[in-house]
Amino acid sequence: MANLSGGQERDQWGSKMGFIMAAAGSAVGLGNLWKFPYVAGKNGGGAFVLVYFIMLFLVGFTLMLAELVLGRKTKLNAIGAYRKISKKWKWVGGLGVITGFMILSYYSVIGGWVIKYLIEALTGGLSVTDAAVLGDKFGTIVSSTGGSIFFHALFMIATLGIVIGGVDGGIEKASKIMMPALFVIIILLAVRGCTLPGSMAGIKYLLVPDFSKLSMDVVLSALGQVFFSLSLGMGCMITYGSYLPDKENIPQSATIIPLLDTGVALLAGLATLPAVFAFGFEPAGGPGLMFVTLPAVFASMPMGTMFSILFFVLVLFAALSSSISLLEVCVSYVVDEFGMNRKKSTVLLGFITFLIGIPSALSFGIWSDKTILFGKNFFDLFDFATSNVMLPLGGLLLCIFVGWVWGTDKAVEEATNNGEIAFPLAGAWSFLVKFVGPIAISVVFIRSLM
Ligand code: TRP
């Protein structure tokens, strides 16, 4: 399809279903399958999940709607969208684009591990039930210098390949195939996880809050996870919203997308944590959780090899449908603002992201002890800075912007297609954007810095 700028028609989603799949595809990703279970595991399980839900209701739905509406109103990339409404605010969009670069750079490193694991699964390398052996294998894979960079590069190339195809021809088409398959498999896996002997402890761990585990760190992690998992706070949903046709029912989409995302995160938790307990792993096992425990589960069940192949194909799909959205934020900016063609800008930005990702790729090997700031290595620092600082900050500024600069009256007008569709919660939403969002995010922020 033709590209935008210079009077040409802007890209648009081909269908409502296609948009929902693409947006849910952006939201559902490594954040759900890989991060949610281990962050929940690290932060006290049920206590974390409870706070996650509170944050989801207070800021998740609210910001999803705000971003989509802002995007469709302006029909511009993240920076352009802010600028069109108030020139003074365009740097907030800029902050988003930078955040997108940073996230994609390390996201792609994990995406690379997934490709490597898929190959291992295909060649029978994961048919091991011994946790220690799988743990060692994970260690060897992630710490190899050449290997991590190579697979990181492959993942970036796959991401580019889809984004070059454009909004409806690349992103939407790919998401429409990948997402439904993913939903089916994750349900299967969750059922399997919960029926393992000894899984009850894990289910309890995930769903029954232990309030003694609550701390400000848990709250900040949950807030960060809401932003990360829903792809909020950096203009991703502004960009995806900008490709929406005028008749689209945004309040409805802004409800469906977070529900799908949260559903998948919980299912991923149910697929992983019960198995962790059943197999005697540590729930606070960190980034290796998905890569070590799930293969052990698969290896011990009938048709395990097939399941592990299927699983890593789907993790790869989930990761790709998210990484394309991150790259699209940057591409959309360059295409809109500099009139560069899509192909060129995609390749250029993809290459830059690849370079920025290299230190993260080395953070599990030769640079694992290299602390950059706050005692964190490169990967941990990027992850912390983006999820726990830059995304919430972007979200806070978005609330202030939509609530007070653009104004909720105008936003509601856009959300209801000028009064054509019903949005009974408009009043509540306005209150959340104006007051609850900014206050909740600020409080968590300030408290966590103290
Ligand atoms: N939400 C994705 C995940 O859960 C990652 C992602 C895609 C993202 N786009 C984003 C995170 C924008 C933050 C902002 O894996």
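General remarks:
- Backbone N within the range 244-276 under 15 Å of label point (7 Å from Val184 Cα along the Cβ vector): none
- Charge dipole of the range 16-448 (Cα centre as origin; +1 on each Lys and Arg Cβ, -1 on each Asp and Glu Cβ, all else neutral): 620 debye, rounded to the nearest 20.
- Using θ = phi - 60° in the Karplus curve 6.51 cos²θ - 1.76 cosθ + 1.60, the 3J(HN,Hα) couplings for the range 290-307 round to 5, 7, 9, 6, 5, x, 5, 5, 4, 4, 9, 10, x, 6, x, 4, 4, 5 Hz; x is entered for Gly and Pro.
- With the simple model of a label 7 Å out from the Cα in the direction of the Cβ, Lys410 to Trp91 spans 2.1 nm.
- Which listed pairs, of Lys116/Lys247; Lys173/Lys204; Lys88/Lys376; Lys75/Lys434; Lys42/Lys247, have C-alpha distances above 32 Å, in listed order: Lys116/Lys247; Lys173/Lys204; Lys88/Lys376; Lys42/Lys247
- The range 16-448: relative contact order as a whole-number percent, Cα under 8 Å and 6+ apart: 35
- Atom-type composition of the exposed protein surface of the chain places 68 percent of the accessible area on carbon and sulfur (1.4 angstrom probe).
- Placed amide H near Gly45: partners under 5 Å, 5+ positions off or other chain: none
- For the chain, the alpha carbon convex hull comes to 130 Å³ per residue, rounded to a whole number.
- Per residue accessible area in Å² of the chain, where ligands, DNA and RNA are left out and the probe is 1.4 Å: 36
- Dipole of the chain, positive end: most advanced residue of Gly14, Pro258, Asn417 [Cβ charges, Cα centre]: Asn417
- Within the range 388-443, GluC sites (Glu not before Pro) in DSSP loop having at most 10 other beta-carbon neighbours inside 10 Å: Glu420
The values are calculated or read from the model by the stated rules, or taken from the named source; none is laboratory data. Nothing here was measured: the structure is a model prediction, and the numbers come from that model. All Cβ positions, even for glycine, are placed from backbone atoms using ideal geometry, and neighbour counts span all protein chains on display. With ligands, DNA and RNA removed, areas are computed over all heavy atoms of the protein, side chains included. Shrake-Rupley method; radii C 1.70, N 1.55, O 1.52, S 1.80 Å.
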